[in-house]
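The next block holds one structure in the form of structure tokens; read it before the comments.
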Amino acid sequence: MKKLVAILLALTLVLSATAALAAFPEKNMTLIVPWNAGGSSDLIGRLLCAEMEQDLGVKISVVNTPGATGTVGMNDCMLAPHDGYTLIANATPYSHGVMGLADWSPKDWDFLAAYYVPGIIAVKAGSEYDTFDKLYEAIKAGTVSCGTAGLGSTGYTNLCILASLDEAFNPASGAYKHIAYSGGAAAITAVISGEVDFTPQLSNEMIDYLRSGDMVALAALTEEDLVLDGVDYAIPSLKNFIPEAESVLPCGDAFGLLFPSDVPEEAKTVLEASYLKACESDAAKTFATEKGVMLTAYNLEESNALKDTAAHDAGWILYDSGAGVNSPEQFGYAR
């Protein structure tokens, strides 16, 4: 009799766990994009959630909440119930604490890294800086201006990484004019309009303008020359101009979805499975080709390992360059 009771109890627990798993999600969800529309986070988040809506059978409303290099939207998500119903579309959250913008650590987030997006140094068509060598000399002379998606953004961090090779690149030094915009799309627009001379932003933010000829890529922040579909020239790796750059390449970031790390495990399991299914869709694969990015589709464990590596490496680069005000050690990343 005791054995029968034990079996029934175990079966009840299994059925309860299965029911709880099946119950999520029971209502519509929200995706917060902490940037303006049109940037990497926005494009990738919308694509993934459009596919996940079909799989989960609920609507995922997208809300753009830009501000403080993505911190405003991230804080909104952190303040919402940690139940899996509020997601973030962003890159690895390595800079917020180091830059003094947030109290939370990257360890407070779980990450699902769908795409890796490389950085590209580009100018507008017809720029007087029509080769990287010309632009590099102007950067060293302090006679140019640069636009990024803001302090701590991937474009800004790319400059800080390059500053470890040559201090001339350091955007915090004031040697050249750096303008922080509300997102990658705005920084690209500023280059095309002539408001700034160059940008080190991301491939998918400028790919359409590279194809149309409105922008010219001078150097790819990749280990090898970068070939993009629809761009009729190979973009030379930065190491062709600065051989020492090989030690810091590639410079870019992974993009995908995030949620607080204390979200219930049953919700995490559902979200991870739906996200991985979305990454297998034709739309996700087509996006990679059309936008010049790499579909990685990392699972939760792989994504979190990548996130913590980026938080350590990029966090210390930002701190050592003078751009960061808080040591990464405060957030659990010892040197």
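The values are calculated or read from the model by the stated rules, or taken from the named source; none is laboratory data. Quantities reported herein were computed from a predicted structural model and do not represent experimental measurements. Methodologically, a virtual Cβ is constructed for each residue, glycine included, from the backbone with ideal geometry; neighbour enumeration extends over all protein chains shown. Heads up: the accessible areas ignore ligands, DNA and RNA and are worked out on the full protein's heavy atoms, side chains in. Shrake-Rupley method; radii C 1.70, N 1.55, O 1.52, S 1.80 Å.
Values computed for the structure shown
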{"read-out": "Point-to-point label distance, E246-S327, nm (Cα→Cβ direction, 7 Å offset)", "value": "3.4 nm"}
{"read-out": "20 Å-binned pair-distance histogram of the chain (Cα, whole percent)", "value": "32, 53, 12, 3, 0"}
{"read-out": "Residues with amide H under 5 Å from that of S237, placed H, sequence gap 5 or more", "value": "A220, D225, L226"}
{"read-out": "Probe 1.4 Å - accessible area at D103, Å² to nearest ten", "value": "150 Å²"}
{"read-out": "Calculated [θ] (222 nm, deg cm²/dmol) that DSSP helices of n ≥ 4 give over the chain, each run adding -39,500 (n - 2.57)", "value": "-13000 deg cm²/dmol"}
{"read-out": "Stretch gain in nm, segment D103-N299, where the contour uses 0.36 nm per residue and the Cα spacing is subtracted", "value": "67.9 nm"}
{"read-out": "Rg to Rh quotient for region 113-272, alpha carbon positions, Kirkwood Rh", "value": "1.02"}
{"read-out": "Label-point separation in nm, E195 to E265, each point 7 Å along Cα→Cβ", "value": "4.9 nm"}
{"read-out": "Pair A283, T309: separation of 7 Å Cα→Cβ label points (nm)", "value": "3.0 nm"}
{"read-out": "For the chain, share of DSSP beta bridges that run antiparallel, in % to the nearest 5", "value": "60 percent"}
{"read-out": "Among 287-295, 119-127, the order from most to least packed when residues are scored by Cβ within 10 Å on average", "value": "119-127, 287-295"}
{"read-out": "Solvent-accessible area per residue, Å², over the chain with all protein chains present [probe radius 1.4 Å]", "value": "41 Å²"}
{"read-out": "Whole-Å distance, taken between Cα centres, linking region 124-150 and region 188-244", "value": "12 Å"}
